[in-house]
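Worksheet: one structure, shown below.
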Amino acid sequence: MINTRSLRFRLATWYAVLLAATLLLLVTSIYLGLKRYLDWNLQRTLAAQCRAIGTELIPELPTKGSQWLASETVESYDPEVNGYFIRISGVNGQILYVSGSPKDYSFDPSFVPRPPIPAGNDSLRNVKMPDGHRLIIEEMVFTNPDGNRFLVESGVSYQRVDEVLHGLLVTFATLLPIIILLALAAGFWLMRQSLRPVDEITRRARGITSTNLSDRLPLFDTGDEIERLSTSLNEMIARLDTSFSHIARFTADASHELRTPLTILQLELEGIVQHHLLPPGLVEHIESALEETHRLSRIVENLLIISRLDFNAVSIDKSPLDLGDLVASTAEPMQLLAEEKSLLLRCEIASNVYVEGDPSHLKQLILNLIDNAIKYTPSGGQVTIEVAGGDRYAILEVADTGVGISSEALPHVFERFYRADKARSRNSGGAGLGLAIVRAICGAHNGEIRVLSSEGLGSRFHVELPLIAQNK
Amino acid sequence: MRILLIEDEPKVSRAVARGLMAEHFAVDVADEGQDGVELAEIYNYDLVILDLMLPNLDGTAVLRQIRRKNSGVPILILTARDTVTDKVRNFEAGADDYLTKPFAFAELSVRIKALMRRGTANQSSIVRVDDLELDRLTQRVRRTGKRIDLTLKEYSLLEYFMSNAGRVLSRAMIIEHVWDQRFDGLNNVVDVFVKRLRNKVDDEHDHKLIHTVRGVGYTIRDEAP
């Protein structure tokens, strides 16, 4: 199917429309010009005939008689054979000569009405015959030296001109659509030829993502706009490449630069705590500082995990794994937390649900979701973990009967450092990064995450990961 | 016992060296890769602690050079690089253990002990801390002669505590030992787990053995700190 919005189609169509308009204009002017020329030519022939009869034959009439006039006219002009109408008459109505029917019988001269005597010397008139034929008749008045006036009429069927013009129209009417169609096809083909590099550039550009920014678009050494386009696109990709590698470098540097001072802080504080001679009050301060150091370390680690996943700085190590097994083994230690809060932690796990992923990242994802569910579900509640194989996706659901998420907070839960309930989350030690990590991990695995929640009733996190065909 | 510490960040090396010396190790510090390689050639160290980001000679290159000369010495990598690729590369180059910064000194210390103990399995079957007794052969635990019933994981944790009696174990170490994985999301699981073990071991006794070291972790010892 042709895409009617493509540049190729639109340009070819415009060409065709313009061409059709031009041709139409040309045809119209040819038609009108030809008609004018034929009319003029016809009139000239007729006038010449009249004038010849009037100047060469009429003056001889008194001496040679009307018989001679008739035979001379037939001899000179042979009107029946040539399809002409010739009538010579006196102004008083007496007919001296009238031609017979032409051999094609296109008109009957005897039916041609007599004209009134024209005021001037000559005039042209159209006569419509009873059978519908049109005659064009030139008439001239001549005066003999003896004072007698004669009317000479010379006419011809207009059919000839009509036939020529009609033929022209038919020719144009058949040729014009063909020409336009050919032009359309040729235009389409030409556009396709010249836009083919654009298709190639589009195809290659589509394949370039953050992971293969070192790739470049093909260059067409044509010196035209398309070469300029691919050159500038390549320059843009090069700039993106540079900034991406800067970000990747930044992440690697940041991890080193942040971890080293944290290491020192932690080691120094631990050194002080081990010291036995400290006043008890001071020990408490140091221990508190140590706890905060740990928290800071965790935040730094989590931020690094997110930025790495986001920028693909680390191509994650994917291998086929049984999602059900992974969920079961991850949920097992969490059972302890659930029991402690008198929650029921249930697993409904389908077997043989295989996904391709990094086990430690996926474990983190599962853990964060379960941890979250347990954290926000009050005693006596229930947390359900479900793994199912869908059509093309493996589905992991973690549902709880907890406090739920308000509709204002719901769109933001996956944002970094977002806390739905500031006081509560701070007490439970999180930094608001757990779900951001979950989303980043999902994204790195080409998966999706959604959350449904109603306040006071509970939340349901729904994760979809691409399923892989299991061959065992 | 002599340890070579190759670390370019002076504050880190000072803190680590101080901790190790407090545990009666002799420590040599090299703040640059080439020095480290040379020291390792001259002295017969019992262990090498190696940072990866070093000026001049990169840590992995240092690791390869030391391995070429002295194949037996245990080498522990200490680094801020924690990607899987980094780890695999260094294990392939001959590292024995890998610890990511930031770390608790207690964890470093336990890992060092484990590396040095490697091969010399002179563990006695019965371990005692005060009146608590654990038999590794029968996996039985008694306190003041009275049997304590533990789950498999609780036993594993207690055995870990008692093998490292007097030493502080961080939550990360406990997770790694008991569940065989490294995760910080499980910290609160460790707390619940230790609490349960305490209920079984310490509840009926005035003299508590399992202690919390705030900001660091847990320890088992027979005297109040």
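Modelled label positions at residue B:124 and residue A:325, each set 7 Å beyond Cα in the direction of Cβ, lie 4.2 nm from each other.
What the Cβ-Cβ distance of residue A:17 and residue A:166 gives, at R0 = 41 Å and to the nearest 0.05, is a FRET efficiency of 0.90. Mean partner shielding of peptide B:215-222, defined as the number of other chain Cβ atoms within 10 Å of each residue Cβ, is 3. Convex hull volume of the C-alpha atoms in segment A:7-164, normalised per residue: 139 Å³. Here segment A:369-404 and segment A:114-172 have alpha carbon centers that stand 103 Å from each other. Using the rule -39500 (n - 2.57) for each DSSP H run of four or more residues, divided by the residues of chain B, the 222 nm mean residue ellipticity is -12500 deg cm²/dmol. Potential lengthening of the chain between residue A:190 and residue A:392 amounts to 68.4 nm, from the contour at 0.36 nm per residue minus the alpha-carbon distance.
Of all stretches in chain A that contain no chymotrypsin sites (Phe, Trp or Tyr not before Pro) in a DSSP loop with at most 13 other Cβ atoms within 10 Å, the longest one is A:106-416. Measuring nothing but alpha carbons in the protein assembly as shown and taking Rh as the Kirkwood radius, the Rg to Rh ratio lands at 1.50. With the cut-off at under 19 Å, measuring from each backbone N in segment B:148-170 to a point 7 Å along the Cα-to-Cβ line of residue A:332 picks out B:150-160. Separation of segment B:21-42 and segment A:275-342, taken as the distance between their Cα centroids, equals 32 angstrom.
Over segment B:2-117, calculate the relative contact order: mean separation of alpha carbon pairs under 8 Å at least 6 apart, over the residue count, as a percent. Relative CO of segment B:2-117 lands at 24 percent. Peptide A:253-259 has a mean of 4 when you count, residue by residue, the C-beta atoms of other protein chains within 10 Å of its C-beta. Among beta bridges identified by DSSP and lying wholly in the protein assembly as shown, the antiparallel ones come to about 75 percent. Using the Cβ atoms and a cut-off under 12 Å, what net charge is assigned to the surroundings of residue B:7, where Lys and Arg are +1 and Asp and Glu are -1? Here the count lands on -4.
For segment A:84-153, relative contact order (Cα pairs under 8 Å, six or more residues apart, normalised by length) works out to 31 percent.
Can you list the lysines whose alpha carbon is less than 28 Å from that of residue B:208, not counting same-chain residues fewer than 8 positions off? Partners within reach: A:341, B:113, B:146, B:153, B:195, B:200. Remark: spin-label model distance residue A:105-residue A:51 equals 3.7 nm, labels positioned 7 Å along the Cα→Cβ axis. Here the residues B:169, A:96, ranked from fewest to most Cβ neighbours within 10 Å of their Cβ, fall in the order A:96, B:169.
Axis angle, to the nearest 10 degrees, between helix B:33-42 and the longest C-alpha principal axis of chain B: 80 degrees.
Calculated mean residue ellipticity at 222 nm for chain A: -18500 deg cm²/dmol, from DSSP H runs with n ≥ 4 weighted as -39500 (n - 2.57), summed, divided by the residue count and rounded to 500.
Residues in segment A:78-118 near a label at residue A:66, defined as backbone nitrogen under 12 Å from the 7 Å Cα→Cβ point? Only A:88-98 pass the distance filter. Note on residue A:37/residue A:7: beta-carbon distance plugged into 1/(1 + (r/R0)^6) with R0 of 45 Å gives a FRET efficiency of 0.55.
A simple spin-label model places the labels of residue A:95 and residue A:469 9.9 nm from each other, with each point 7 Å out along Cα-to-Cβ. The calculated pair-distance distribution of segment B:126-220 uses every alpha carbon pair, bins of 5 angstrom beginning at 0, and gives 3, 13, 27, 27, 18, 9, 3, 0 percent. Across peptide A:360-371, the average count of Cβ atoms from other chains found within 10 Å of a residue's Cβ is 2. Computed from the Cβ-Cβ distance with R0 of 51 Å, the FRET efficiency linking residue A:339 to residue A:238 stands at 0.35.
Expressed as a fraction of 2.2 N^0.38 Å, the C-alpha radius of gyration for segment B:6-78 is 1.02. With contacts taken as Cα pairs under 8 Å at a separation of at least 6 residues, chain A carries a relative contact order of 10 percent.
Every number in this text was worked out from the coordinates using simple rules, so none of it is lab data. Predicted model, so just to flag it, every value in this text is computed and none were measured. Note that we place each Cβ from the backbone using ideal geometry, even for glycine, and neighbour counts take in every protein chain shown.
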